[in-house]
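The values are calculated or read from the model by the stated rules, or taken from the named source; none is laboratory data. Here the structure is a predicted model, which is why all the values come from computation and not from measurement. Heads up, the Cβs are rebuilt from the backbone with ideal geometry, glycines too, and the neighbour counts pull from every protein chain shown.
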Amino acid sequence: MRSRVVYLDNNATTRVSPEVIQAMEPFLRDMWGNPSSIHTFGGQVRRHIERAREQVAELIGADPEEIIFTSCGTESNNTALKGIALASSPGSRIITTAVEHPSVLNVCRYLGTTGFQVTELPVDGQGRIDLDQLRESIDEQTVLVSVMWANNETGVIFPVREIAEVVKEKGVLFHTDAVQAVGKIPVDMRDVPVDLLSLSGHKLHAPKGIGVLYVRKGVKLVPLLHGGHQEKNRRGGTENVPYIVGLGRACELAREHMEEEQTRIAALRDRLEKGILESCPGARVNGDRAHRLPNTLNVSFEYVEGESILLLLDQLGICASTGSACSSGSLEPSHVIQAMGVPFTAAHGSVRFSLSRDTTEEDIDYVLEHLPGIIRRLRQLSPFVKE
Ligand code: PLP
């Protein structure tokens with residue numbers, strides 16, 4: 001048995017918080033009626049959905065009517081992109097970036113095979129897009145621009161307000177995948193002219209299998225799921241009541257504690273970063289350090305395989321991640337790291353550490369105690385290094 005688990009993979013998923021579980025329980029056990037039913041037993045559940053809708057709306061500065069509950073971030077992204085594409089004429093253009101999550105990138109690529117024009121904007125070595133290039137690529141056919149709020153692998157935060165302003169100047173719709181941003185940094189629809197925004201419960205201590213698509217009033221999109229009249233005809237399917245209630249509570253907790261929590265988390269992340277850079281020669285941070293999620297650190301270790309690092313960390317109970325597609329049988333570095341032009345010798349050795357409110361100082365110390373030795377051992381095995 002491992003003596004401990006140090007979970008530093010919170011961009012993959014977070015632990016469901018006890019308060020969220022507590023809020024959900026009555027809707028699994030006692031209040032299991034269908035919120036669309038006419039009878040009181042079912043109907044009483046409806047007001048809890050509406051309360052959760054308000055809690056989500058409060059966290060992102062939206063009107064509750066602009067919140068559509070979905071099954072996950074992937075569904076939200078699919079609904080936004082396909083929903084706008086289907087409401088537009090064939091041949092329309094969608095602009096996105098080369099570093100989006102697959103639930104945006106692969107939808108755009110699919111739409112590209114059905115007659116839509118797709119532009120993938122490149123990023124620079126820090127993972128940033130060029131706003132002038134964005135402006136120039138918006139043509140008469142463009143109906144939608146989709147740029148993530150924050151990158152899941154590097155934590156790089158995009159200048160969403162400036163991007164939205166450029167897009168709106170051209171009279172085009174703007175969608176942002178804010179799955180990694182919501183709950184970690186302020187996201188406020190009153191400040192930023194975003195038309196559509198995706199978020200996902202399991203990135204902010206709610207369960208997997210619940211998401212939201214924010215749709216600004218007046219924006220027309222074709223639903224992904226046609227069916228009953230749920231979500232005001234915008235998403236058919238009986239509502240996942242316990243999860244909706246859980247997400248509402250998670251958003252309330254994020255709103256109450258985000259500022260103080262994220263300050264503490266950023267300090268721990270910075271300590272981890274400093275410790276790694278000081279103790280591991282050939283380590284480099286990937287992504288724009290000045291504009292980064294407080295919880296994320298992506299480091300490349302030159303001449304070492306990220307997967308080997310993860311396996312050795314795992315033996316010590318430390319959970320981290322590479323962005324690479326190794327789970328799909330390929331050892332290619334991730335599309336994000338490749339798009340940033342990280343040199344080949346470093347791209348393969350990239351590791352993401354992502355912290356949360358559950359991370360402690362002892363967790364960070366434990367990683368710093370063991371990681372330098374792991375890197376040294378693996379380097380000694382590398383045919384490219386003579387130390
Ligand atoms: N978008 C980003 C940026 C993500 O990090 C993720 C999940 O990793 C998703 C979308 C997909 O969310 P879900 O797992 O809820 O489908």
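Quick notes on this structure:
- Residue match in segment 12-29 (condition: within 16 Å of the ligand (Cβ to nearest atom) and farther than 25 Å from Leu213 by Cβ): no
Let's see how each residue does on (1) within 30 Å of Gly125 (Cα to Cα); (2) at pLDDT 95 or above:
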residue	(1), (2)
Gly42	no, no
Ile49	no, yes
Cys72	no, yes
Ser76	yes, yes
Ser88	no, yes
Val99	yes, yes
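- In summary, Arg234 fulfils each of the numbered conditions (1) within 16 Å of the ligand (Cβ to nearest atom); (2) touching a Pro at 6+ places or on another chain (Cβ under 7 Å) with the single exception of condition (1).
- Complete set of residues in segment 58-74 that are touching a residue at least 60 places away in the same chain (Cβ under 8 Å), closer than 19 Å to Thr238 by Cα and not hydrophobic (A, V, I, L, M, F, W, C): Glu65, Glu66, Thr70, Ser71, Gly73, Thr74
- Looking at Gly91, Gly127, just one residue is assigned to a loop (DSSP other than H, G, I, E, B) and within 16 Å of the ligand (Cβ to nearest atom), and that residue is Gly127.
- Considering segment 98-124, the residues that are of a type in the set (Val, Ile, Thr) and either farther than 16 Å from Ala150 by Cβ or surrounded by fewer than 18 Cβ atoms within 10 Å (Cβ to Cβ) (or both) include one that is nearest to the ligand (Cβ to nearest atom), namely Val107.
- Among the residues making up segment 34-48, those that are within 15 Å of His229 (Cβ to Cβ) and not in a loop (DSSP other than H, G, I, E, B) are Gly42, Gly43, Arg46.
- Candidate set: segment 66-88, residues that are among the β-branched types (Val, Ile, Thr) and part of a helix (DSSP H, G or I); chosen: the one farthest from the ligand (Cβ to nearest atom): Ile84
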